[in-house]
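For reference, the structure discussed in these notes is given below.
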Amino acid sequence: MRDDPAPRDIDGNPVRVGLPMAMLAELTHRCPLACPYCSNPVELTRASAELKAAEWAEVFRQAAGLGVLQVHLSGGEPASRRDLAEIAASARDAGLYVNLITSGIGLTEARLRELDGVVDHIQLSLQGIDAEMADWISGYGGSFARKMQVAQWSRAIGFPMTLNAVVHRQNLDRLPEMIDLAEELGCRRIEVATVQFHGWADLNRRPLMPTQAQATRAREVVDEARRRLQGRMVIDYVPADHLAAFPKSCMGGWGSTGLNVAPDGTVLPCHAAQTIKGLAFENVREVPLARIWHDGAAFNAFRGTGWMPEPCASCERREIDFGGCRCQAMALAGDARATDPVCSRSGLHARLRAAAEAEAASDSTVLVYRRMTREKRG
Ligand code: SF4
Ligand code: FES
């Protein structure tokens with residue numbers, strides 16, 4: 001029985017709880033790459049604390065029971081888990097659509113064949129259009145060649161594929177070639193996502209911040225490619241936040257359609273939620289997923305629109321973007337309840353934009369790589 005049958009937001013306003021459609025399952029934080037815009041938390045989970053395959057199977061059963069339709073197996077690099085095929089199979093057995101989000105590193109042809117029949121779709125990350133760029137950005141020599149090999153094996157096996165290109169000032173001028181590459185690899189979709197500058201990426205604002213001219217050109221490239229490839233390949237484009245007038249609806253609205261499970265079983269409303277001070281998160285090892293989703297204080301904190309301050313509270317877009325991203329508000333405004341500072345109606349917007357323009361004008365190419373320190377033994 002629930003303690004409180006009427007879930008309430010951070011201000012005590014009643015909230016309406018819907019059903020989640022998608023779950024991000026972060027199988028591990030381990031990753032051979034060292035991307036300077038890594039979206040994993042600054043404090044990484046150790047391998048010894050990761051959920052075991054049988055625990056993931058139980059999470060997937062609970063997720064399906066809660067209404068989740070698709071699971072994204074992610075990381076870190078999910079192929080760092082030797083039991084990836086077993087985990088994916090249990091997600092499929094639970095009745096979920098299984099999407100694997102991978103850099104490709106660690107996948108062999110034999111491992112891909114094991115995944116055939118249990119993984120429905122593969123999303124392959126792309127750091128650059130050639131070995132020089134991709135290996136430099138990922139901090140991993142030989143990554144590009146291995147990734148292209150994985151793409152070819154995946155295509156031969158018949159996996160539907162999306163290329164997931166993360167773009168920034170160092171590679172945005174080569175967007176047309178990235179789209180061509182996705183087409184050559186037989187992808188059904190390419191996602192072109194500009195780096196989000198919070199978490200680790202915040203350390204690399206000067207080398208990575210795109211210029212206005214690049215963003216304008218990227219929009220033209222995407223529009224032209226969408227016309228040319230209509231009916232053959234879908235192009236999703238996430239433009240640079242600081243150059244947009246309004247923020248994106250992060251997670252489709254907090255606690256509305258998706259949830260994340262971290263490697264140790266901590267259940268989060270989004271991948272960066274642990275950066276928000278004062279929120280307490282529950283673990284699926286201790287509390288059933290449905291209870292966390294419906295009654296968890298962190299999930300209810302920013303549900304709906306009742307918690308919003310002005311200018312969001314009276315804004316006509318409040319049910320379109322839900323005030324933007326809470327984690328970005330935390331990072332940039334120091335307050336998760338604030339209007340996302342990338343919004344042109346935020347009092348912090350002008351300052352943010354000026355800082356981004358100064359960073360974009362930098363000629364720095366010095367990257368601070370993300371490395372996971374090895375777990376100490378004994
Ligand atoms: Fe969205 Fe708030 Fe900006 Fe309105 S004021 S556009 S609701 S972030
Ligand atoms: Fe957490 Fe946007 S990343 S709400």
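Coordinate-derived values only; no laboratory data. Since this is a predicted model, take the numbers as computed values, not measurements. FYI the Cβ positions are ideal-geometry reconstructions off the backbone, even for glycines, and counts take in every protein chain you see.
Based only on other Cβ atoms within 10 Å, what is the fewest-to-most ordering of Glu177, Glu58?
If I rank by nearby Cβ atoms, fewest first, I get Glu177, Glu58.
Starting at the first residue of segment 305-310, write each ³J(HN,Hα) from the Karplus equation 6.51 cos²θ - 1.76 cosθ + 1.60 with θ = phi - 60°, in whole Hz, x for Gly and Pro.
Result, rounded to whole Hz: 10, x, 7, 6, x, 6.
Tell me which residues come under 5 Å, amide H to amide H, from Leu24 once H is placed; ignore anything under 5 positions away on its chain.
Hits under the 5 Å cutoff: His72, Leu259, Asn260, Val261.
How many nm is it between the label spots at Glu319 and Arg111, if each spot is 7 Å from the Cα in line with the beta carbon?
It is 4.6 nm.
Would you calculate a helix-derived [θ] at 222 nm for the chain, using -39,500 (n - 2.57) for each DSSP H run of n ≥ 4 and dividing by the full residue count, to the nearest 500?
-9000 deg cm²/dmol
Sorted by mean Cβ packing within 10 Å, highest first, what order do the peptides 83-91, 12-20 take?
83-91, 12-20
Tell me which residues come under 5 Å, amide H to amide H, from Val238 once H is placed; ignore anything under 5 positions away on its chain.
The answer is Val192, Ala193, Thr194.
In percent, how large is the relative contact order of segment 286-378, given Cα pairs closer than 8 Å and 6 or more residues apart?
Relative contact order, segment 286-378: 15 percent.
In terms of the Cα gyration tensor, with a ≥ b ≥ c the square roots of its eigenvalues, is segment 247-369 rounded because a/c is under 1.5, prolate because a/b exceeds b/c, or oblate?
Oblate shape, in that a/c is at least 1.5 and b/c is the bigger or equal ratio.
How would Met308, Met209, Met148, Met21 line up from fewest to most surrounding beta-carbon atoms within 10 angstrom?
Listing Met308, Met209, Met148, Met21 from fewest to most nearby Cβ atoms yields Met21, Met148, Met308, Met209.
If we count every other residue with Cβ under 12 angstrom of Arg353's Cβ, Lys/Arg +1 and Asp/Glu -1, where does the sum land?
Taking every other residue near Arg353 into account, the sum is -2.
Charges on Cβ only, +1 for Lys and Arg, -1 for Asp and Glu, centred on the Cα centroid of the chain; of Leu124, Ser346, Leu33, which one is farthest towards the dipole's positive end?
Positive-most Cα among the choices belongs to Leu33.
What relative contact order, as a whole-number percentage, does segment 12-141 give when Cα pairs under 8 Å and 6 or more residues apart are counted?
About 28 percent, as a whole number.
What is segment 250-300's relative contact order, in percent, from Cα pairs under 8 angstrom and six or more apart in sequence?
It comes to 32 percent, rounded to a whole number.
Which residue fluctuates the most in the chain, going by a Gaussian network model with Cα springs under 10 Å, if the choices are Glu43, Glu359, Glu114?
Residue with maximal mean-square fluctuation among Glu43, Glu359, Glu114: Glu43.
Could you tell me which of rounded, prolate or oblate describes segment 331-372, using a ≥ b ≥ c as the square roots of the eigenvalues of the alpha-carbon gyration tensor, with rounded for a/c under 1.5 and, failing that, prolate when a/b is larger than b/c and oblate otherwise?
oblate
Determine the sum of side-chain charges near Gln328: Lys and Arg each +1, Asp and Glu each -1, restricted to other residues whose C-beta is under 12 angstrom from that of Gln328.
-3
Can you count the Lys pairs in the chain whose Cα atoms are under 29 Å apart, with each pair 8 or more apart or on different chains?
Final tally of qualifying lysine pairs is 5.
Provide Thr28, Thr194, Thr305, Thr365 in ascending order of the number of other Cβ atoms located within 10 Å of each residue's Cβ, fewest first.
Exposure proxy ranking, most exposed first: Thr365, Thr305, Thr28, Thr194.
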